[in-house]
Amino acid sequence: MGPEVVMKFGGTSVGTAEAMRQVASLVASEPRWPVVVVSALGGVTNKLLDTARRAVQGEDWEPALHEIIGRHHTMIADLELEPNMLQDLEEEMERWLRGVALLREMSPRVKDALLSLGERMSVRLLAGVLTQQGVVAKARPWASWELGLETDGRHNKADVLSSCLEQIQNKISQLSPGEVPVITGFIGRSIDGEITTLGRGGSDFSAAVFGAAIGVQEIQIWTDVPGFLRADPRVVEDPALIPAMEFDEAAELAYFGAKVLHPRTLEPARKRNIPVRVMGTFHVKPDELASGKANGTLITNSGTPENVRALAIRENVDTLHIHSLRMLEAPGFLARIFNILANFQISVDVLATSEVSVSMTFDNYERPLLEKAIKEIEQFAKVNFHPDRSIICLVGSKLRNDTTLIGRVFSLLGQNEIPLEVISQGASQINLSFVTEAKFGRLAMKVLHDEFFIAE
Ligand code: ADP
Ligand code: ASP
Ligand code: MG
């Protein structure tokens with residue numbers, strides 16, 4: 001028999017000594033054999049980025065480095081762990097930063113190597129706490145690659161090679177019975193030995209990859225909210241908890257901005273039909289977990305369908321409106337546009353077309369590349385670029401069945417004087433999304449939330 005459950009703890013779950021102790025008691029209370037995946041201490045990845053930015057800009061970066069090291073040392077002291085347990089990693093961090101300061105630039109490769117230190121440090125702390133006082137019989141820190149995880153080598157946004165799943169399973173099967181591995185989230189290594197990161201928030205994806213490779217009974221995502229909520233709690237006050245939802249719904253919401261899950265988390269889980277459960281580290285009591293009474297949000301391949309399950313908002317989005325009379329009955333017109341965008345590595349999120357125009361949204365692209373793409377498209381069409389937009393997305397597995405829904409949404413937005421731009425009822429059947437100016441995005445989410453989820 002091998003491990004039966006993956007427990008992933010995000011940065012906020014391991015941000016303080018007290019939080020770390022809560023995590024340790026949750027791990028100890030899980031009745032099944034767990035594999036633990038952990039993020040860097042909350043805020044550390046951002047702090048590493050900020051320190052590197054200072055080094056690039058020729059500012060004084062050393063105080064920022066000492067802050068990161070100091071934070072870990074305070075935690076080590078509070079937890080009564082071995083004082084020098086991170087020394088080699090602290091030295092490595094300083095070497096990378098010194099190099100960045102000298103060159104006054106940071107390549108994607110160096111960025112990944114530097115950011116990897118956040119997770120490489122946190123696993124040692126958590127494994128230390130777990131081993132202390134015999135919380136679990138045996139726990140050991142691991143870099144993901146030591147347990148077989150391999151990436152495609154794309155810096156800053158690597159994918160995990162599906163060919164490594166068997167290797168992971170082999171390595172895990174060699175653990176001694178009951179041993180709890182504490183594994184780095186977010187980072188991996190390519191076949192050539194290059195450290196790569198899976199994109200911001202990528203620890204959720206790491207957890208799902210390990211869960212799928214091992215074939216566990218459940219992948220648990222432990223975070224700072226009680227589970228997947230009806231709307232973004234940073235926008236709507238106290239949205240309700242969703243007890244259960246489907247993989248497709250969660251994937252769509254994560255893609256459109258529900259930060260609680262990295263968008264790729266659901267892929268490996270869905271492929272092997274492994275339930276994903278989102279739970280609150282500070283909401284569940286260890287004895288509830290021990291007695292199987294911890295709930296949170298259970299994400300599976302089935303569930304009670306709902307017209308609207310939840311809302312998501314994606315901010316900092318730009319749109320492009322392309323208009324050409326030549327588009328009318330011209331085969332290959334859209335293909336031509338998409339080829340140009342693909343050549344400049346720009347991927348489209350929301351798309352709407354009419355006979356003579358096409359509108360689309362993007363984020364996370366390189367601005368100079370988009371400018372080049374626009375120049376090429378301008379040779380055969382009129383192009384308007386609008387920055388600072390938000391996408392609002394309604395998701396529900398029965399959304400298409402509700403014939404009054406679109407009317408309800410649009411009249412509500414009209415009453416609140418929220419202008420709409422691109423509107424798309426996705427090919428996925430379960431989502432309705434629209435674009436509005438950034439200044440209206442949050443208001444749109446609030447009014448829709450009250451309409452659909454606040455009982456009259
Ligand atoms: P972690 O460090 O545990 O990975 P994240 O900050 O990445 O935590 O994700 C949790 C956060 O996601 C929450 O604190 C919340 O602000 C945000 N969030 C956005 N949309 C949702 C949603 N629909 N349900 C729950 N949380 C959401
Ligand atoms: N530490 C990484 C980040 O801040 C990964 C994660 O938290 O999932 O993006
Ligand atoms: Mg996260």
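The values are calculated or read from the model by the stated rules, or taken from the named source; none is laboratory data. Just so it is clear, the structure is predicted and the values come from calculations on it, not from any experiment. Reconstructed Cβ throughout: ideal geometry from the backbone, glycine too, with neighbour counts over all protein chains shown. Note: accessible area is taken over every heavy atom of the protein model, side chains too, but ligands, DNA and RNA are not part of it. Shrake-Rupley method; radii C 1.70, N 1.55, O 1.52, S 1.80 Å.
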Check your understanding: Out of all the residues in the stretch 1-13, is one or more in contact with a Leu (Cβ under 6 Å, 6 or more places away or on another chain) and assigned to a loop (DSSP other than H, G, I, E, B)?
Key -> no
Review point. Restricting the search to the stretch 24-49, which residues are within 14 Å of ligand 2 (Cβ to nearest atom), over 22 Å from residue 209 (Cα atoms) and in contact (Cβ under 8 Å) with a residue 40 or more places away in the chain?
Key: 44, 48, 49
Check your understanding: Pairs, please: C-beta under 7 Å, at least 6 apart or cross-chain, first residue open to solvent by 50 Å² or more (accessible area, probe 1.4 Å) and in the stretch 359-387, second among the small types (Gly, Ala, Ser) and not in a helix (DSSP H, G or I)?
Key -> 382/324
Exercise for review: Would you be able to say whether some residue in the stretch 307-318 is open to solvent by 20 Å² or more (accessible area, probe 1.4 Å), hydrophobic (A, V, I, L, M, F, W, C), closer than 28 Å to residue 30 by Cβ and not in a helix (DSSP H, G or I)?
Suggested key: no
Review point. Of the residues that make up the stretch 164-180, is at least one in a strand (DSSP E or B) and either within 16 Å of ligand 1 (Cβ to nearest atom) or closer than 30 Å to residue 255 by Cβ (or both)?
Key: no
Study note, to complete from the structure: All conditions in (1) away from ligand 3 (no atom under 16 Å from the Cβ); (2) surrounded by fewer than 19 Cβ atoms within 10 Å (Cβ to Cβ); (3) of a type outside the set (Lys, Arg) are true of residue 43 except (1)
Practice item. Name the one entry in 221, 242, 214 that is under 17 Å from residue 37 (Cβ atoms) and more than 16 Å from ligand 3 (Cβ to nearest atom). Key: 214
Point to revise | Output for the stretch 268-306, where each listed residue is surrounded by fewer than 20 Cβ atoms within 10 Å (Cβ to Cβ) and closer than 23 Å to residue 256 by Cβ | key: 271, 275, 280, 298, 300, 301, 302, 303, 304, 305, 306
Exercise for review: Check 389, 367 and return the single one that is touching an Asp or Glu at 6+ places or on another chain (Cβ under 7 Å), farther than 19 Å from residue 254 by Cβ and not polar (S, T, N, Q).
Suggested key: 389
Check your understanding: Taking residue 414 and the conditions (1) under 24 Å from the mean Cα position of the chain (by Cα); (2) exposed (fewer than 15 other Cβ atoms within 10 Å of the Cβ); (3) small (Gly, Ala, Ser), which numbered condition does it fall short on, given that it satisfies the others?
Key -> (1)
Check your understanding: Looking at 263, 226, 233, which one is within 16 Å of ligand 3 (Cβ to nearest atom) and modelled with pLDDT under 95?
Key -> 263
Review point. Residue check: is residue 74 of a type in the set (Val, Ile, Thr) and over 29 Å from residue 137 (Cα atoms)?
Key: no
Practice item. Looking only at the stretch 272-289, decide whether some residue is at pLDDT 95 or above, near ligand 1 (Cβ under 9 Å from one of its atoms), part of a helix (DSSP H, G or I) and of a type in the set (A, V, I, L, M). Key: no
**Study point:** Flag for residue 119 being open to solvent by less than 60 Å² (accessible area, probe 1.4 Å), over 16 Å from residue 27 (Cβ atoms) and without any contact (Cβ under 8 Å) to a residue 40 or more places away in the chain
**Key:** no
